[in-house]
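Worksheet: the structure to be examined is printed underneath.
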Amino acid sequence: QVQLVESGGGLVQAGGSLRLSCAASGRTSSSAAMGWFRQAPGKEREFVAGISWGVLSTAYADSVKGRFTIARDNAKNTVFLQMNSLKIGDTAVYYCAADQGAGLRIRADQYGYWGQGTQVTVSS
C-alpha cells in the first residue's frame, strides 16, 4: 500500500503561482511513477503532469505546458507541482497519484493509488 497526502492548494489570483506537494509513504513508495490530475466541477478527472521513477521522464497536458513543472525528491518521497501563470480555468481539485513501477503514466486507470485531493481556486 502507498499513502499519498497532498498539500499546498489554496486561493490565488490569476497570473499567480502555487506549489503543490504530495508526500508518499508506505511500501516501495520511492520507486513509483507519480502524477497529478485535476477535476473541475461537472467535468471528468484529467491528466495534468506525470513523472517516472529513475530516468525522471516527464509529461504534461497541453493546457499546462510551459506553465506547470512536475518534480520529485526521492529521498523525501515527495512529488511537487509548481504552477505558474495560473488561469481561472486551472481551478479544480488536484489529485496526486502513484503506481508501482518506473514507467511514465498519463492515464488515470494506470494509477493504483490516489490522494484525497487539494483545492486550487484561481480568481480574477
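Laboratory data are not the source of any read-out in this text; all were calculated from the coordinates shown. Predicted model only: the values in this text are computed from it and were never measured. Using ideal geometry, Cβ is built from the backbone for each residue, glycine included, and neighbour counts are taken over all protein chains shown.
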Seminar exercise, completed: the chain, Gaussian network, Cα under 10 Å: of A98, A33, A75, the residue fluctuating most is A75
Exercise. Which listed residue (S123, L104, S85) has the Cα farthest towards the positive end of the charge dipole for region 48-124, taking +1 on Lys and Arg C-beta and -1 on Asp and Glu C-beta about the Cα centre?
Worked result: S85
Exercise. Hey, if you put +1 on the Cβ of every Lys and Arg and -1 on every Asp and Glu Cβ in the chain, which of V5, G15, S63 ends up farthest toward the positive end of that dipole?
Worked result: G15
Problem set entry | Candidates V48, V79, V93, ranked by Gaussian network fluctuation over the chain, Cα under 10 Å, top entry | V93
Seminar exercise, completed: If R0 = 25 Å, then V55 and T121, at their Cβ-Cβ distance, give a FRET efficiency to the nearest 0.05 of 0.15
For this session: Take the Cβ-Cβ distance between I88 and Q3 as r, set R0 to 30 Å, and report the resulting FRET efficiency rounded to the nearest 0.05.
Result: 0.40
Exercise. Using +1 on the beta carbon of Lys and Arg, -1 on that of Asp and Glu, and nothing else charged, what's the dipole of the chain about the Cα centre, debye to 20?
Worked result: 120 debye
For this session: Would you kindly state how much longer the chain becomes between D62 and E44 on full extension, computed as 0.36 nm times their sequence separation minus their alpha carbon distance, in nm to one decimal?
Result: 4.8 nm
